[in-house]
Amino acid sequence: MTFRSEGSPVPSVILNDGHLIPRLGFGVFQVPEQETFDAVTTALAAGYRSIDTAAAYQNEAPVGKAIAESGIPRDEVFVTTKLWNSEQGYDSALRAFDASMQQLGMDYLDLYLIHWPVAAADRYIDTFRAFQTLKAQGRIGSIGVSNFQPDHLTRLIAETGEVPAVNQIELHPALAQNTLRAFHAEHGIATEAWSPLGQGAELKDPTVVDIAGQVDRTPAQVLIRWHLQLGNIVIPKSVTPARIRENFDVFDFELDADQMTTLGALDTGTRVGPDPDTFAVGLD
């Protein structure tokens, strides 16, 4: 079973393995477990057909429950989850996948990601080989990574013989990731943006607010549109129903070239999340 995009207003990206992923999805990072079911239910009702979670978020179960009870066929919802740092390694990755699938209540996953490279542990090669095994077994459609830098990706490709379908990275105007995005484009890796609104900080940026006024849209809609026009896959999150719907309403306007350039000039290389080269929380 693979994702079908029929009937969705969201355009899809063809990944390097031939599978489709919606360009706009709904993320549940930092959404409390008790609020996740309602948030995902609202997102699905609004038209989202891609849901991104992770073992570390501790909300896989309500994600799966919301999808199961939505009435939407399973093959019309693209589901992503991620393997946490403590579970890296071949055998432990296989066990972690089973645990995530039990939490989700599913027997097939559209996309499985290594959450962080944690290069100091030197396990991400064996972890990705476990992902390859699961993919070969037909239990996963696509396999990829998150927060990987060019040197991590270069080694992974060389030693496993497979190019990850996706690299999900922190990406917003203050951290535009131009070098990493260029690497992705050269190797056929889809760029997926987490923290696409800079965890809210960039919604108040005077430049973003000014452009929002120019196009009669909200700052969040402007930032999401910026991502889409760059070619990024974007997964904003919210627990507020009106904002969930608002973030989806981005397909009937465009930013012009000057507005895109102006937003691109906000890049200062500033992270709101951890440094992928050193982050190693959760190692046992």
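Worth pointing out:
- Rounded to 5, percent antiparallel among DSSP beta bridges of the chain: 15
- Here the simple spin-label model places points 7 Å from the Cα toward Cβ, and for Ile125 and Ala46 these points are separated by 4.3 nm.
- Label-point separation in nm, Arg245 to Asn178, each point 7 Å along Cα→Cβ: 3.9
- Built amide H within the under 5 Å cut-off of Ser50, gap 5+: Phe26, Phe78
- Rg(Cα)/(2.2 N^0.38 Å) for segment 148-215, N = residue count: 1.39
- Environment charge at Gln259 (Cβ cut-off 12 Å; Lys +1, Arg +1, Asp -1, Glu -1): -2
- Beta-bridge orientation, segment 111-219: approximately 10 percent antiparallel, per DSSP, counting only bridges with both partners inside.
- 5 angstrom amide H check on Ala176, placed H, neighbours 5+ away: Thr268, Gly269
- By accessible area, using a 1.4 Å probe on protein heavy atoms only, segment 49-115 has 45% of its surface on carbon and sulfur.
- Gyration tensor (alpha-carbon) shape descriptor, the chain, a/c threshold 1.5: oblate
- Those aspartates and glutamates that a straight Cα-Cα span of less than 18 Å connects to Lys65, excepting residues fewer than 8 apart in one chain: Glu33, Glu35, Asp38, Asp52, Asp75, Glu76, Asp98, Asp107, Asp110
- Förster radius 35 Å - calculated FRET efficiency between Arg74 and Leu203, Cβ distance, rounded to 0.05: 0.55
- Each residue of segment 11-19 is assigned a 3J(HN,Hα), and the resulting list reads x, 10, 9, 8, 6, 5, 9, x, 7 Hz, derived from the Karplus form 6.51 cos²θ - 1.76 cosθ + 1.60 (θ = phi - 60°), x at Gly and Pro.
- Backbone HN-Hα couplings from phi across segment 162-168 [Karplus 6.51/-1.76/1.60, Hz, Gly and Pro as x]: 9, 8, x, 6, 9, 10, 8
The values are calculated or read from the model by the stated rules, or taken from the named source; none is laboratory data. Just so we're clear, the structure is a prediction, and the values are computed from it rather than from any experiment. With ideal geometry, Cβ positions are generated from the backbone for all residues, glycine too; neighbour counts draw on all protein chains shown. Ligands, DNA and RNA are stripped out before the accessible areas are found, and what is left, the full protein with its side chains, is counted by its heavy atoms. Shrake-Rupley method; radii C 1.70, N 1.55, O 1.52, S 1.80 Å.
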